[in-house]
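Q: Structure provided below as structure tokens; questions to follow.
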């Protein structure tokens, strides 16, 4: 049986000179629209608003087969940031999607308007009532939550293979 030789041309777009089918929409090609970027930056500070096209594309996918490019990404640090984003969105009839680990297989960690990252500054487990209840911040991995509960003979279910990453 002869060895198969790779065909480098097989990876190239079928029609040279035309846009790739997975390119970002024209409305997103230059990043977050200026008005939205300026309003969110004024509300939260420049360090909490990701607006460049590379930022938007990075948050456009999760572990699912779907791809939704957000208009802007907010890295919320506290309840005040969340409240400000929700008030802003409500007043302008915009949509907000919260994202933690981005390990979703169903696409719920993506959105096409304002995406709020709650993983970076939202970690922690508070075990209550001897392990019968637990308060978990959204950026906490299932593995970390189960480690805290193990001392009480409890565990969160189900136990996904991605427990070290999913939140």
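Q: Looking for whichever is buried (at least 19 other Cβ atoms within 10 Å of the Cβ) and touching a helix residue (DSSP H, G or I) at 6+ places or on another chain (Cβ under 7 Å) here; the options are 56, 50, 43. Which one fits? Walk me through it before giving the result.
A: Details: 50 fails: touching a helix residue (DSSP H, G or I) at 6+ places or on another chain (Cβ under 7 Å); 43 fails: buried (at least 19 other Cβ atoms within 10 Å of the Cβ).
The conditions single out 56.
Q: Within segment 142-155, does at least one residue satisfy the condition of being in a loop (DSSP other than H, G, I, E, B) and within 19 Å of the chain's Cα centre (by Cα)?
A: For segment 142-155, residues in a loop (DSSP other than H, G, I, E, B) and within 19 Å of the chain's Cα centre (by Cα): absent.
Q: Output the residues belonging to segment 109-141 that are in contact with a strand residue (DSSP E or B) (Cβ under 8 Å, 6 or more places away or on another chain), touching a residue at least 24 places away in the same chain (Cβ under 8 Å), in a loop (DSSP other than H, G, I, E, B) and more than 17 Å from residue 85 (Cβ to Cβ).
A: Across segment 109-141, the qualifying residue is only 140.
Q: Turning to a different aspect of this structure: Could you identify the single residue in 25, 65 that is under 30 Å from residue 161 (Cβ atoms), out of contact with any helix residue (DSSP H, G or I) (no Cβ under 9 Å at 6 or more places or on another chain) and at pLDDT below 95? Write out each step before concluding.
A: Values: 25 fails: under 30 Å from residue 161 (Cβ atoms).
Answer to the selection: 65.
The values are calculated or read from the model by the stated rules, or taken from the named source; none is laboratory data. In this text the structure is predicted, and so the values were computed from the model without any measurement. Don't worry about glycine lacking a Cβ; one is built from the backbone with ideal geometry, like all the others, and counts go over all protein chains shown.
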